[in-house]
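Worksheet: one structure, shown below.
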Amino acid sequence: MIYLDNGATSWPKPLQVRRAFCTALEKYGANPGRSGHALSRKTAEAVYRVRKKAADFFGGRPEQVMFPLNCTQALNFALKGSLRPGDHVITSCLEHNAVMRPLEALKARGVAYSCADLDVKQPGTIIASMGRLLRRNTRMVVVTAGSNVCGIRLPLREIGVFCKKHRLLFCVDAAQGAGVIPIHAQELGIDFLCVAPHKGLYAPMGTGLLLARAPLRPIIEGGTGLNSMELVQPADFPERLESGTINTPGVIALGSGIDFVREMGLGKIYAHEMKMIQSLYDYLCQCPNVVMYTPRPDESFCLPLMCFNIGSLHSEETAEYLDQEGFALRAGLHCAPAAHRKLETLEQGTVRVCPSVFTKEEEMFALAEKIENFAKKHPITH
Amino acid sequence: MFKEMVNVGSVTYAMEGRDLLRSKGFKAYIRRTPYHGDRKGCGYSLEVDGDLSAAEAVLRQNGIKLRGRSQVSRQ
């Protein structure tokens, strides 16, 4: 099986990550931050080292790093913990439901939102669009670092400048970009950075990361191992947002994933994965009946992932055929109907190709040939 | 004999504080905060060999929040 669904979760995981997970289960078995005995302290040290690594990698302080169970939880903490009734939020037209559903739910609490449009070929056009949407009560901009459907990157640096100019909180859904492109919260002026470590950082599923550089109200209260006599949640991060037991083996393995990405180098990872996507794109451009939705991907505007369709077939049918031929791809709406609305693919969905650092060029050629042969039998009928 | 420790709250701040103090030449160790029936209960403290007030100043200057002192018995 050739796995090209790394946008859902990366696979395989590097050997060092798998070993770190197993070591954590064997040797770091106590609950960190709860007890004073040696094993609890040793486990807490291991978790703290990962907070430090993550803080260093993403541009913050260790206590600003929280470990929810996934990026969706991180986004919920960031949005629901900062927005108040009467606030207005600007987001983009490409967002995943991890952003859109919390925003929609917050409408019931008096929070409004607007979606900034952009030209897919020139994502920088979103800045002017955001300017037109600005209101007196606009309090936050929340955007994806890059679309999980089509790979379009948003200009985070320029958006950070926009937020600073207008004194807005800046929240980034880095589920697709973290571990592939440099994202430094301090340099980019990001207040809340939400990461899916099980994707670009090659961590196990069940890990999330939130780097919070501004205050947040908790949305989950519970035991934190701190100030137990008080019935209010602790005031300080990270415990304020880490009620209950964290996914300790996952977090320790996440540390190893960060090491892996650092050792490989972001530039090298990006260049490799983009080469895979460009090889596929260039081949498919020559194929009749294959539809693609962006210009040729390159680093000026794209993460290394792409989407396509064959003829008028529903994307799930194409993915099913490719699955039978040994290729693991995701089709449909990718939990991001907003992006599909923008691409005008709401009915058909799209098939997504997302390589990892382990993907080989011959695998992309094998996929391209399968798509080409299948496409010959399925013309576009409308 | 009793020794004073500085209370820092969470294990994260305790580790950050310990590493900071050690980088400044202090010998610092993480301990559980002894519960003496105060309002808060549960947390971590830093036991320091040397001038505790000087250690507290270093911690404060570097953004580590301090939550008073506790005493622990030492032989």
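You will find that of A:G267, A:G255, A:G332, the residue that is free of Cβ contacts under 8 Å to residues at least 60 places away in the same chain, of a type in the set (G, A, S) and more than 19 Å from A:E361 (Cβ to Cβ) is A:G332 and no other. Say we look at the stretch B:9-20 and pick out the residues that are within 10 Å of chain A (Cβ to nearest Cβ), in contact (Cβ under 8 Å) with a residue 24 or more places away in the chain and not charged (D, E, K, R); which of these is surrounded by the fewest Cβ atoms within 10 Å (Cβ to Cβ)? The residue in question is B:G9.
Among the residues of the stretch A:1-16, the ones that are in a helix (DSSP H, G or I) and over 30 Å from B:A14 (Cβ atoms) come to 1 in all.
This table checks each residue for (1) in a helix (DSSP H, G or I); (2) at pLDDT below 95.
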site	(1), (2)
A:R34	no, yes
A:A46	yes, no
A:V50	yes, no
A:D56	yes, no
A:G60	no, no
A:E63	yes, yes
A:P68	no, no
A:T72	yes, no
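Residues in the stretch B:32-47 that are modelled with pLDDT of 90 or more and either over 15 Å from A:G225 (Cα atoms) or of a type in the set (K, R) (or both): 2 in all. Note on the stretch A:162-184: residues that are aromatic (F, W, Y) and either farther than 18 Å from A:T91 by Cβ or assigned to a helix (DSSP H, G or I) (or both) total 1.
Taking the numbered list (1) surrounded by 24 or more Cβ atoms within 10 Å (Cβ to Cβ); (2) closer than 21 Å to A:R153 by Cβ in turn, A:Q186 passes all entries but (1).
Which residue is nearest to B:Y44 (Cα to Cα), if the candidates are limited to the stretch B:55-70 and must be more than 14 Å from chain A (Cβ to nearest Cβ) and either surrounded by 13 or more Cβ atoms within 10 Å (Cβ to Cβ) or among the charged types (D, E, K, R) (or both)?
B:R69
Looking at A:R101, A:R109, A:R19, A:R41, just one residue is assigned to a helix (DSSP H, G or I), more than 14 Å from every other protein chain (Cβ to nearest Cβ) and more than 19 Å from the chain's Cα centre (by Cα), and that residue is A:R19. Looking at B:G25, B:G50, B:G17, just one residue is modelled with pLDDT under 90 and of a type in the set (G, A, S), and that residue is B:G50.
Here is a yes/no grid of residues against (1) assigned by TED's automatic domain parsing to the domain that holds A:K360; (2) crowded, with 21+ Cβ neighbours inside 10 Å:
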position: A:P234; (1), (2): no, yes
position: A:T248; (1), (2): no, yes
position: A:I258; (1), (2): no, yes
position: A:A271; (1), (2): yes, no
position: A:I277; (1), (2): yes, yes
position: A:C285; (1), (2): yes, no
position: A:M292; (1), (2): yes, no
position: A:P304; (1), (2): yes, yes
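Kindly indicate whether A:V89 is away from every other protein chain (no Cβ under 14 Å), part of a helix (DSSP H, G or I) and crowded, with 23+ Cβ neighbours inside 10 Å. Here the answer is no, as A:V89 does not meet what is asked. If you go through the stretch A:185-206 and keep only what is touching a strand residue (DSSP E or B) at 6+ places or on another chain (Cβ under 9 Å), of a type outside the set (K, R) and part of a loop (DSSP other than H, G, I, E, B), you end up with A:G189, A:I190, A:D191, A:A196, A:P197, A:G200, A:L201, A:A203.
Here are A:L69, A:L75, A:L156, A:L79: which of them is more than 14 Å from chain B (Cβ to nearest Cβ), under 20 Å from A:L209 (Cβ atoms) and touching a Leu at 6+ places or on another chain (Cβ under 6 Å)?
From the options A:L69, A:L75, A:L156, A:L79, the qualifying one is A:L156.
Looking for something in contact (Cβ under 8 Å) with a residue 40 or more places away in the chain and farther than 17 Å from A:G189 by Cβ - is there at least one such residue anywhere in the stretch A:124-131? Taking every residue of the stretch A:124-131 in turn, none turns out to be in contact (Cβ under 8 Å) with a residue 40 or more places away in the chain and farther than 17 Å from A:G189 by Cβ. Could you please find all residues in the stretch A:221-244 being closer than 24 Å to B:G63 by Cβ and more than 9 Å from every other protein chain (Cβ to nearest Cβ)? Correct list: A:V232, A:Q233, A:R240, A:L241, A:E242, A:S243. When we screen A:L209, A:L156 for residues that are under 15 Å from the mean Cα position of the chain (by Cα) and within 23 Å of A:K342 (Cα to Cα), the only hit is A:L156. Taking the conditions (1) over 21 Å from the mean Cα position of the chain (by Cα); (2) within 14 Å of chain B (Cβ to nearest Cβ); (3) of a type outside the set (S, T, Y) in turn, A:E26 satisfies each one other than (2).
The values are calculated or read from the model by the stated rules, or taken from the named source; none is laboratory data. Treat the numbers as computed from the prediction; the structure is a model and nothing was measured. Backbone-built Cβ (ideal geometry, glycine too); neighbour counts: all protein chains shown.
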